[in-house]
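To keep things clear, I will list the structure first and then write my remarks on it.
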Amino acid sequence: MVNKEIFLHSRWIESAEVKNRDDVVLYKKNFNINKKPIKAELYITACGIYVAWINGKRISFPLTPGFDSYMHRIPYQKYDVTNVIRYENEIKVSVGRGWFGWYRDEETAYISKRRRVKAVLCLTFFDGTKSCIETDESWSLCENKCISSDIYNGEEYDARKEEVFYANAQVATNELDGRLFEFEGKKIKEHEKIKPVKTVITPAGEFVLDFGQNLTGYIEFSVKAKEGEKLRLSYAETLDAQGNFYNKNYRSAKAQIIYVCKDGCQTYKPLHTFCGFRYVRLEEKPESVDENNFVAISVYSDIKRVGKINSSNPTLNKFINNVIWSQKDNFIDVPIDCPQRDERMGWTGDVQLYCRTAMYNFDCKKFYTRWLNMVKCEQDYYGYVPNVVPDVYGYGQAGFSSAWSDVATVLPWTLYQMYGSKELLKKHYRQMKKHVDVITKTTEKKYLWIGQEHFGDWLNFNDISSDGRRSRKEFISSAYYAYSTKLLILAGETIGRNVSKYKCLYENIVKTFQETFLDYGTQTECVLALVFDLAKDKETVARKLVDLITLNGGNIRTGFIGTPYILHALSLSEQVDFAYDLLLSTKSPSWLYSVGKGATTVWERWEGIDKNGNFAAASLNSFNHYVFGSVIDWIYMVCAGITPKKAGFKEVLISPKPSQKLDWLDVSFNSNSGEIVVKWEKKNNRFNYYIKTPVKAAVVIEGQEIEVNKGEYRFNGKEFNQYEKKII
Ligand code: BGC
C-alpha cells in the first residue's frame, strides 16, 4: 500500500556527519496536547535501523525499517500508538547504521553517515479534528546511551550517560520521498526465548554460556551492578575440538556487545543489531552477574509454520528440526545466506535452491513476495539479476551466475505452484522473460549459456568424474538456461501469453545440450540431466548416478546445485529405496552426519567439522546455512507424496512412497487450500496408510490410483480398493 501523502509535510531530518562509522544518533521531540486523541498513529522510517519510543515505551519492532533495496525503495512502518499518548509527550528515535550503510555509492554513503529519519505522528480527536507532529528542525539531537552499533560488529551501550541536548536536527531535502512505501512483508518479531542450558569454563579458562541451540537474535541480560562495571560478551556458533570458544568463522564480524552499567538493577538487549549464535563468552562482567539472568532471544520474520514431519528415525527428526531452525534463523526480512559472519546477504542462488522446501515448512507467500519485489527492482534494463538482492555490493551485471540469477524464473513459478496466484505470475512474467532474453543475447555460443562468471556446483565434496574433473560450469549454466526457459513457457501458458518463440528456443537448447554434452561424469551432472529432463537416455544416466554414488561408498558428493535434486533424480528413476539410503546415511558426507556432530542447525559444508573434530577453512564455514536442508522437500513430495495437482493445491496428488527403511512417517502440510495429512506405517511387511485431504485428490498407492473427495481415508497396500470409505 502506497500512502506517501502522509509524509507530505514532514521533513527528512539528520545529524551532522557522524564521527565514527558505527555511531548511533538519538532524536527527541517533546510536545504537549490539551485533549486526548481517540486515535494516534506513528508513521516512521530511517536510513539505517531505527528504534522508536513514545513516553518511554518502545513502539518499534526489531530491526526496522527492514532490509531493502534502498536504492529503489525505502519501507516505512505504521504503528497504532493511541494507548501511549498523554498530555505531555516525548518521542525518541535512535538510528544506527544498519543495512543502509552497506551501500557503497557516494550519495547513499553521504545519507547513511547522517542517520536520516522521517516520521509523522497523526492524532485524531473526538471532535473530528486532527493534528500532526512531524519531523522538522524543532527535533533535538541528544547524547545517546547507545554509543555504537553495527550489524556485524555488535553494539556498545553506556547506561550511565544522560541524554543531553547538543543541537537541533538538520533538515535534509526530500529527494528520497519517491522511494517511500509501506512495508509489505512479514515483520520481524522476537520469538523463542531460551535460557542457558550449561555454563562452561573452557580449557582456556573462559566463561561461556551454552544456550543449546544455534539461533539468530540477541542476548538480553539483567544485572545488579555498581556504576562503571562492564559487561563484555562475544557470540559464537560452536566450541572447537578442545572445547574452547571458536568464532573465527565469523570472519571480520566482531559480533561483540559491550555494556557499561549504571548503579543498581538494569536490563539490556541490543537495539540495532543481531547475530547468529549458540554460545556467549563473558569476557568482562560485574561481580554479581548471574547466568540465570541471561536469555537468548530468537528474532526472525513472523512466518507461520505449515509443514510438520515426524518419523520413526530420531536422527532424521533431529535433522528436520535443524532445517526448521536454519530457515527461521535466515529469514530476517530478506532470505539471507547465514546470520553470523560478515555476509548475511540475500544470495539469490540460496533462495532459488531452497524456496520449495521453505514453502512446505512455512507460509512464505508474503515474505517471498516482498523479496521478489526487490528482485524486480534490482534486475537491470538488460535483464541481469545480481547474485545478491538487495544488491548492496553494487554487483549489477558483474554478478550474474547461473543458478543464482535463475531465481528470476524459479521463485515466481514455485510461488505460483504453491499458492496459485496468477496475479503474481503476471506481475513477474516480464522479469522471467528478461532473464531468459539476456542469456540468449549475451551467450557466446548459441543455445548454450557460455561466457559468464558462474559459481558452478558450489561447495561440492570432490564430486569428480573418472577423468578427474568437477561438474562443468557450462554444463550447469546450459542446463539452467533450459530449465528457466521451460519455466517461462509454463508461466506464459498459464497466463495466456504467446510463447511459441520460447518453445522453439527450448527445443533448440535441449537439442544443442544433448549434442554438446554426450556424457555425464559427476553426480551433479547426472542429477541435472535427469531432473531438468535433458538426458536423451534417462535409464543410462540413472544407472550412472547410482554407480557414482556406490563408487563413493554410498555417499553424496554434490554441492549447492546437485544436492536439492539428487533424491528427486533417484526417485524419478525408480530408485526410491536407494534414495532412502542416501537420506538416512550418517557417514560423512551426508545430511545426517552433522547431527552426529551435535549440529542444531544445517551446515554450509558437508564437513564443517570433520571426523576428527577439525573445522573446515574458517573463510567459508557457517554452521547455519539452509541450502543443504532443501532435501526435505523430497520427504513432503515423495515419502509422503504431497504435491499440487492444480496450482495452489486446489487439487492434490497424493502419492506416498514408503520404504522398509522407516517404520512409520507422519507428515502434515497446511496448504493454501487446507490441511493435508499423510501417515504410513509398516505392519507385517506391508504398509497401512491414513490420508486426509481438504480438496479433491488423486491418491496413488503402490501403483494403484483412485480419486477421492475432501475427507479422511484409510488404505492398506494390498486391499487398496477396499479402502474404508471416508472415516469422518
Ligand atoms: C554465500 C553463499 C553464496 C555464495 C556464492 C557465499 O559466501 O554464503 O551461500 O551463495 O557465497 O557462491
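T643 satisfies every condition listed in (1) closer than 24 Å to V678 by Cα; (2) touching a residue at least 40 places away in the same chain (Cβ under 8 Å); (3) surrounded by fewer than 24 Cβ atoms within 10 Å (Cβ to Cβ) except (2). A residue that is in a loop (DSSP other than H, G, I, E, B), among the basic types (K, R) and crowded, with 24+ Cβ neighbours inside 10 Å occurs somewhere in region 93-102. Residues of region 461-511 that are of a type in the set (D, E, K, R) and in a loop (DSSP other than H, G, I, E, B): D463, D467, R469, R472, R497. Tell me yes or no: at least one residue of region 472-493 is more than 30 Å from the chain's Cα centre (by Cα) and of a type in the set (G, A, S). No, because not a single residue in region 472-493 is more than 30 Å from the chain's Cα centre (by Cα) and of a type in the set (G, A, S). Is it true that R497 is open to solvent by 10 Å² or more (accessible area, probe 1.4 Å) and modelled with pLDDT of 95 or more? For R497, the condition - open to solvent by 10 Å² or more (accessible area, probe 1.4 Å) and modelled with pLDDT of 95 or more - is met. For region 604-640, residues that are open to solvent by less than 20 Å² (accessible area, probe 1.4 Å) and among the basic types (K, R) total 0. Here L141, L180, L176 are screened, and the one residue that is in contact with a Phe, Trp or Tyr (Cβ under 8 Å, 6 or more places away or on another chain), under 25 Å from Q266 (Cβ atoms) and in contact (Cβ under 8 Å) with a residue 60 or more places away in the chain is L141. Of all residues in region 609-623, those that are among the aliphatic types (A, V, I, L, M) have Cβ atoms under 7 Å from Cβ atoms of residues that are away from the ligand (no atom under 12 Å from the Cβ), 6 or more apart or on another chain, in I609/K597; I609/F615; A616/E607; A616/G608; A618/K248. Taking E88, is it charged (D, E, K, R), under 13 Å from A169 (Cα atoms), in contact (Cβ under 8 Å) with a residue 40 or more places away in the chain and open to solvent by 50 Å² or more (accessible area, probe 1.4 Å)? No. Scanning region 144-167 for residues that are of a type in the set (D, E), under 15 Å from G96 (Cβ atoms) and not in a strand (DSSP E or B) gives no hits.
Given (1) within 14 Å of the ligand (Cβ to nearest atom); (2) open to solvent by less than 10 Å² (accessible area, probe 1.4 Å), identify the lone condition not met by T409. All conditions pass for T409, except number (1). Residue count for region 310-327 under the criterion of being in contact with a Leu (Cβ under 9 Å, 6 or more places away or on another chain) and open to solvent by 20 Å² or more (accessible area, probe 1.4 Å): the result is 6. Restricting attention to region 579-613, the residues that are farther than 17 Å from D633 by Cα and of a type outside the set (S, T, N, Q) total 18.
Screening H568 against (1) of a type outside the set (A, V, I, L, M, F, W, C); (2) open to solvent by 10 Å² or more (accessible area, probe 1.4 Å); (3) closer than 24 Å to F277 by Cα leaves a single unmet condition, (3). The numbered conditions (1) within 16 Å of the ligand (Cβ to nearest atom); (2) of a type in the set (S, T, N, Q); (3) part of a loop (DSSP other than H, G, I, E, B) are all true for T586 except (1). Report, by residue number, each residue of region 622-668 that is of a type outside the set (S, T, N, Q), farther than 20 Å from F362 by Cα and in contact with a Cys (Cβ under 9 Å, 6 or more places away or on another chain). Correct list: F623, P656, K657, P658, L662. Counting just the residues of region 252-271 that are of a type in the set (A, V, I, L, M) and either part of a loop (DSSP other than H, G, I, E, B) or without any contact (Cβ under 8 Å) to a residue 60 or more places away in the chain (or both), which one comes out farthest from Y626 (Cα to Cα)? That would be L271.
Every residue, every condition in (1) open to solvent by 30 Å² or more (accessible area, probe 1.4 Å); (2) in a loop (DSSP other than H, G, I, E, B); (3) free of Cβ contacts under 8 Å to residues at least 24 places away in the same chain, yes or no:
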site: F513; (1), (2), (3): no, no, no
site: L518; (1), (2), (3): yes, yes, yes
site: L534; (1), (2), (3): no, yes, no
site: E539; (1), (2), (3): yes, no, no
site: R543; (1), (2), (3): yes, no, yes
site: I556; (1), (2), (3): no, yes, no
site: F560; (1), (2), (3): no, yes, no
site: Y580; (1), (2), (3): no, no, no
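Listed here are the residues, each with its yes/no results for (1) closer than 16 Å to L487 by Cα; (2) in contact with a helix residue (DSSP H, G or I) (Cβ under 7 Å, 6 or more places away or on another chain); (3) surrounded by 21 or more Cβ atoms within 10 Å (Cβ to Cβ).
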site: Y395; (1), (2), (3): no, no, no
site: S402; (1), (2), (3): yes, yes, yes
site: S405; (1), (2), (3): yes, yes, yes
site: Y416; (1), (2), (3): yes, yes, yes
site: K427; (1), (2), (3): yes, no, no
site: T442; (1), (2), (3): no, no, no
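For region 515-538, a residue qualifies if it is over 20 Å from S466 (Cβ atoms) and more than 35 Å from the chain's Cα centre (by Cα), and the qualifying residues are E515, K536.
Considering only residues in region 646-687 that are of a type in the set (D, E, K, R) and within 27 Å of the chain's Cα centre (by Cα), the one that is farthest from Y713 (Cα to Cα) turns out to be K646. Filtering region 156-179 to residues that are more than 25 Å from S69 (Cβ to Cβ), open to solvent by less than 50 Å² (accessible area, probe 1.4 Å) and not hydrophobic (A, V, I, L, M, F, W, C) leaves Y157, D158, E163.
For the subset of region 448-462 comprising residues that are within 16 Å of the ligand (Cβ to nearest atom) and under 22 Å from G553 (Cα atoms), which member is least open to solvent (accessible area, probe 1.4 Å)? By that ranking, first place goes to D457. Selection of region 589-606 for residues being more than 16 Å from the ligand (Cβ to nearest atom) and either modelled with pLDDT under 95 or basic (K, R) (or both) yields only K597.
The values are calculated or read from the model by the stated rules, or taken from the named source; none is laboratory data. For clarity, every value in this text was computed on a predicted model and none was experimentally measured. All Cβ positions, even for glycine, are placed from backbone atoms using ideal geometry, and neighbour counts span all protein chains on display. These accessible areas exclude ligands, DNA and RNA; they are computed on the full protein's heavy atoms, side chains included. Shrake-Rupley method; radii C 1.70, N 1.55, O 1.52, S 1.80 Å.
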